[in-house]
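This report refers to the structure that appears directly beneath it.
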């Protein structure tokens with residue numbers, strides 16, 4: 001009998017995907033069919049890609065650019081996140097050792113601190129993220145219609 005500690009990445013991914021599908025099926029998480037039109041009708045992106053001549057081409061170019069450059073941007077963002085976590089770990093872990101905290105406790109505390117700062121400063125990053133997601137949804141709807 002295996003335990004959850006012996007699961008590989010594939011098992012965790014399948015469990016997470018099944019959980020998301022069950023949550024969408026039960027209504028805890030809205031489906032993309034509900035979210036995409038809502039994002040596309042946000043006031044700041046409602047007029048995007050409305051040009052009668054080049055609107056569809058602009059939307060297609062935007063989607064292609066996102067699909068082409070998105071993995072590279074995700075790769076850079078992932079390593080930037082690793083750099084920030086490593087830098088903060090190099091600062092907070094020795095401080096935790098001086099206080100007498102175990103390493104896992106120091107790591108948990110500084111990750112909680114990062115999560116709290118991200119939540120408190122959501123006004124700095126949330127509008128831009130919602131604008132970009134709305135622009136993606138608007139481009140998707142324009143191209144698919």
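The values are calculated or read from the model by the stated rules, or taken from the named source; none is laboratory data. Quick caveat: nothing in here was measured; it's all calculated off a predicted structure. Here the Cβ positions follow ideal geometry from the backbone for every residue, glycine too, while neighbour counts run over all protein chains shown.
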Conditions (1) within 25 Å of residue 34 (Cβ to Cβ); (2) without any contact (Cβ under 8 Å) to a residue 60 or more places away in the chain: number failed by residue 134: (2)
Within the stretch 22-37, tally of residues that are without any contact (Cβ under 8 Å) to a residue 40 or more places away in the chain and within 28 Å of residue 142 (Cβ to Cβ): 7
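Residue by residue, here is whether (1) surrounded by 11 or more Cβ atoms within 10 Å (Cβ to Cβ); (2) within 30 Å of residue 44 (Cα to Cα); (3) in contact with a strand residue (DSSP E or B) (Cβ under 9 Å, 6 or more places away or on another chain) holds:
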{"position": "85", "(1), (2), (3)": "yes, no, no"}
{"position": "89", "(1), (2), (3)": "yes, no, no"}
{"position": "96", "(1), (2), (3)": "yes, no, no"}
{"position": "101", "(1), (2), (3)": "yes, no, no"}
{"position": "115", "(1), (2), (3)": "no, yes, no"}
{"position": "137", "(1), (2), (3)": "yes, yes, no"}
{"position": "143", "(1), (2), (3)": "yes, yes, no"}
Any hit, the stretch 54-74, residues being modelled with pLDDT under 90 and either exposed (fewer than 10 other Cβ atoms within 10 Å of the Cβ) or part of a helix (DSSP H, G or I) (or both): yes
Residues satisfying the stated conditions in the stretch 38-57, i.e. farther than 16 Å from residue 130 by Cβ and in contact (Cβ under 8 Å) with a residue 24 or more places away in the chain: 49, 55, 56
Residue tally, condition farther than 30 Å from residue 66 by Cβ and part of a helix (DSSP H, G or I), over the stretch 90-145: 21
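Yes or no: residue 51 surrounded by 11 or more Cβ atoms within 10 Å (Cβ to Cβ), at pLDDT 90 or above and farther than 22 Å from residue 111 by Cβ?
Numbers: surrounded by 11 or more Cβ atoms within 10 Å (Cβ to Cβ): yes; at pLDDT 90 or above: no; farther than 22 Å from residue 111 by Cβ: yes.
The answer is no for residue 51.
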